[in-house]
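See below for the structure under consideration.
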Amino acid sequence: MRRKTDALYTILLVLNDIAMVAVAFYLAYGLRRVVAVPPPVNIGPYRDYLVMMIVQVVTMLTVYFFSRLYDVKRSIPWLDEFYRIFAATSIGTIVTIAVTTFLFKNSRLQVDFPRVMVIYAWVLTVFLVAVGRSMLAWLRNWLRKRGIWADRLLIVGTGDVGRMILQKVRQSPRLGYRVVGFVDGETEPGQQIMGIPVLGAVDDLPDLITEHGIEEVIIGRSELTHQEALAIISRCEQGQVGVKIFPDLFQIIVTDLSIGDLGGLPLLSVRDVALRGWKLTLKRSVDLVGSGLALVFLSPILMLVAAAIKLDSPGAAFYAQERMGLDARPFWCLKFRSMRTDAEQDGPGWTKEGDPRVTRLGRFIRRSSIDELPQLINVFMGEMSLVGPRPERPEFVEDFSRSIPRYFERHRVRSGITGWAQVNGLRGDTPIEERTRYDLFYVENWSLAFDLKIRWLTLRAVISRDQAY
């Protein structure tokens, strides 16, 4: 079933791209005839350009194929898809010009391909292909949310990791999973875990896969030895299903590896921090300009929120808390006060959903992330960044550094108002190991485009009030 749906979706992608590239070429031709800037050249009837349009369509589809745009992925963020389409279309446009010049330079057709028309076709192709693919993705997600076009999933492990996988699947119906049950040797079959039954033990996997029509298995037991994991994978392969494994602590330690050699001796190299040299200056410049402009334009809102907090509950409008930033240096992190002044009389702790310490107005400003806006001052002063790992309190940093491998690596960049872990739903009372894995991925894979993507996802989450409390 999965192969058939993937094949159907690939066909729809190809048809979408053919239609959109052709429409983009036709609109570019029409624009060049209508828009007289620069002065129009002698453009003949559209039928003279049909062969050129076919060349453009074939070339674009070929470049898209080699750019892996027809590899069906379970879920890909819209911004990532747009980057890939932009890059592939740009290359395809250059290739189209080269092929067109080669084919028609000395031919009897003598068709001119105006440069402005090339630019129009390039921009329109990027836009239309992205819109068409977004509509297809929306349709697929809509069907998946209703249980159509979804893969039947089996989760191995009923512990914290297995439950976290189930929760993530339920939060993201667009992934296209329908959880059928759990498999675990330590829990009796028939028991319910978060409303999902335990179907049997690991040894029963081949029979369960066949009986329930399982299409994918996720192994959610991070304590497994390599031999045990291989044994589970071997049982799954008997049923010809897809298998995914939740990463263990070793994969948290080495989030990204490259293979090198030392005089012929193979070595594994762990990725280092990506922010070095001119990249640091670039990121700091973006932070300085971005926070400065935001403070100027948002200053009326900041004053209104501060006044509302004073009227809503006794205490100061702002709340300063010591956090650990770049190189684990302490600084005072600013926030709008969203809790009672006696909220931590029993000591520090994580904020949970429905926390009674949160004030009436505080609940709103936390849900809308308005309480984080004063941290723009920290960014402007160089204590934080717009994007980066969230800063933690000194007492938490000390505990986590002892128990989480490479936890201290996240302090090799400035802390951020938002981060890769937060836009993936990991904020508040969530597993610190998982947050650390996302933070280390950000530290080792930083780019300006990555920061832009995180800011876009943050804005979308704030507007939808997703994962905020």
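The values are calculated or read from the model by the stated rules, or taken from the named source; none is laboratory data. None of these values were measured; they are calculated from a predicted model. Cβ coordinates were reconstructed from backbone atoms using ideal geometry, including for glycine residues, and neighbour counts include every protein chain displayed. Accessible surface areas use protein heavy atoms only, side chains included; no ligands, DNA or RNA. Shrake-Rupley method; radii C 1.70, N 1.55, O 1.52, S 1.80 Å.
Assuming residue 290 fulfils every condition listed in (1) closer than 30 Å to residue 213 by Cα; (2) under 29 Å from the mean Cα position of the chain (by Cα); (3) open to solvent by less than 80 Å² (accessible area, probe 1.4 Å); (4) modelled with pLDDT of 80 or more apart from one, which condition is it? With respect to (1) closer than 30 Å to residue 213 by Cα; (2) under 29 Å from the mean Cα position of the chain (by Cα); (3) open to solvent by less than 80 Å² (accessible area, probe 1.4 Å); (4) modelled with pLDDT of 80 or more, residue 290 is out only on (1). With the structure loaded, tell me whether residue 124 is closer than 25 Å to residue 235 by Cα and at pLDDT 85 or above or whether it fails that test. It is false that residue 124 is closer than 25 Å to residue 235 by Cα and at pLDDT 85 or above.
Based on this model, can you work out whether residue 47 counts as open to solvent by 60 Å² or more (accessible area, probe 1.4 Å), part of a helix (DSSP H, G or I) and either in contact with a strand residue (DSSP E or B) (Cβ under 7 Å, 6 or more places away or on another chain) or modelled with pLDDT under 90 (or both)? Considered against the rule, which asks whether it is open to solvent by 60 Å² or more (accessible area, probe 1.4 Å), part of a helix (DSSP H, G or I) and either in contact with a strand residue (DSSP E or B) (Cβ under 7 Å, 6 or more places away or on another chain) or modelled with pLDDT under 90 (or both), residue 47 comes out as yes. Restricting attention to segment 210-226, the residues that are over 31 Å from the mean Cα position of the chain (by Cα) and open to solvent by 100 Å² or more (accessible area, probe 1.4 Å) total 2.
Taken as a whole, segment 72-84 holds no residue that is of a type in the set (Lys, Arg) and more than 31 Å from the chain's Cα centre (by Cα). The criterion of at least 2 residues that are more than 30 Å from residue 427 (Cα to Cα) is met by the following strands (runs of 3 or more DSSP E) wholly inside segment 144-248: 196-200. Could we say that residue 121 is in a helix (DSSP H, G or I) and surrounded by 20 or more Cβ atoms within 10 Å (Cβ to Cβ) here? The answer is yes for residue 121. Pairing residues of segment 17-41 that are open to solvent by less than 60 Å² (accessible area, probe 1.4 Å) with residues that are of a type outside the set (A, V, I, L, M, F, W, C) and modelled with pLDDT under 75, at Cβ distances under 8 Å and at least 6 apart in sequence or on separate chains, gives 32/40; 32/114. Annotation: of all residues in segment 351-372 being closer than 24 Å to residue 411 by Cβ and assigned to a loop (DSSP other than H, G, I, E, B), the one that is modelled with the lowest pLDDT is 351.
Residues are listed down the side, and each one gets a yes or a no for (1) open to solvent by less than 40 Å² (accessible area, probe 1.4 Å); (2) among the hydroxyl-bearing types (Ser, Thr, Tyr); (3) modelled with pLDDT of 85 or more:
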| site | (1), (2), (3) |
| --- | --- |
| 173 | no, no, no |
| 195 | no, no, yes |
| 228 | no, no, no |
| 239 | yes, no, no |
| 242 | yes, no, no |
| 253 | no, no, no |
| 270 | no, no, no |
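Right, residue 97: touching a Gly at 6+ places or on another chain (Cβ under 7 Å), of a type in the set (A, V, I, L, M, F, W, C) and either open to solvent by 50 Å² or more (accessible area, probe 1.4 Å) or assigned to a helix (DSSP H, G or I) (or both) or not? No.
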